[in-house]
Each structure stands twice: as structure tokens, then as C-alpha cells.
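Before any comments, here is the structure.
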Amino acid sequence: MKVEIEQYSQEELEQEGVFDWPVWEHDEDKFEWFYDQTELCYILEGEAVVTTEFEAYTIKAGDFVMFPKGLECVWDIQSAIKKHYTFE
């Protein structure tokens with residue numbers, strides 16, 4: 001199960017409606033998480049290392065990220081994170 005990280009243009013973000021999605025913010029922290037739905041998110045601020053059973057991913061401001069349904073991971077937020085998010 002892979003986390004997908006892409007770089008979207010401003011136009012692509014607007015086409016996806018990203019800026020109308022809710023915002024989630026969290027300070028530096030480390031916690032376990034399970035995705036019971038596929039999540040799409042756009043990182044506005046901060047940086048985190050998301051570690052799965054097989055791989056560690058660094059996500060940061062400007063990244064468009066897809067977390068697949070069924071993913072178990074550990075979030076290690078290095079600097080306070082702020083993101084737009086939605087579920088599929």
C-alpha cells in the first residue's frame with residue numbers, strides 16, 4: 001500500500017476544488033493512524049514523516065498527497081502541519 005505524493009499546479013488544485021476542502025491543523029506530535037477511507041490532501045504548511053510498514057514518506061508544504069484506504073501508519077509531525085483534505 002503506497003502513499004502517493006505529487007506536485008500540482010495552482011490550476012490543477014483549483015480544478016480539484018482543493019481550496020474549498022476543510023482544513024486540518026496539528027502541532028508537532030507523533031501518533032498512530034488508520035485510514036478507513038482514501039484521503040486526498042494538500043499540505044499548506046509544515047512537514048511530517050509518515051511511516052508505513054514498508055516505507056517512510058516525508059510530506060511538506062506544496063505536496064498533494066493520497067493516503068489509500070486501509071493504510072496503517074505513524075505520523076511524526078516535525079513542524080506544525082496545516083492541510084486541506086477530503087475523502088473519497
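Among the numbered conditions (1) acidic (Asp, Glu); (2) within 19 Å of ALA80 (Cβ to Cβ); (3) more than 12 Å from the chain's Cα centre (by Cα); (4) surrounded by 12 or more Cβ atoms within 10 Å (Cβ to Cβ), the only one that GLU14 does not meet is (2).
Just to be sure, is TYR57 in contact with a Pro (Cβ under 8 Å, 6 or more places away or on another chain) and either of a type in the set (Ser, Thr, Tyr) or over 14 Å from PHE67 (Cβ atoms) (or both)? Here the answer is no, as TYR57 does not meet what is asked. Has the stretch 68-80 got any residue that is farther than 17 Å from MET1 by Cα and assigned to a loop (DSSP other than H, G, I, E, B)? Taking every residue of the stretch 68-80 in turn, none turns out to be farther than 17 Å from MET1 by Cα and assigned to a loop (DSSP other than H, G, I, E, B). Taken over the stretch 60-82, residues that are surrounded by 17 or more Cβ atoms within 10 Å (Cβ to Cβ) and under 20 Å from VAL18 (Cβ atoms) amount to 5.
Just one of the listed residues (TYR57, TYR42, TYR8, TYR85) is surrounded by 14 or more Cβ atoms within 10 Å (Cβ to Cβ), part of a loop (DSSP other than H, G, I, E, B) and not acidic (Asp, Glu), namely TYR8.
Only the coordinates and a few stated rules stand behind these numbers; no lab work does. Fair warning: this is a prediction, and the values are worked out from it, not measured in the lab. Please note: Cβ atoms are built from the backbone with ideal geometry, for glycine as well, and neighbour counts cover all protein chains shown.
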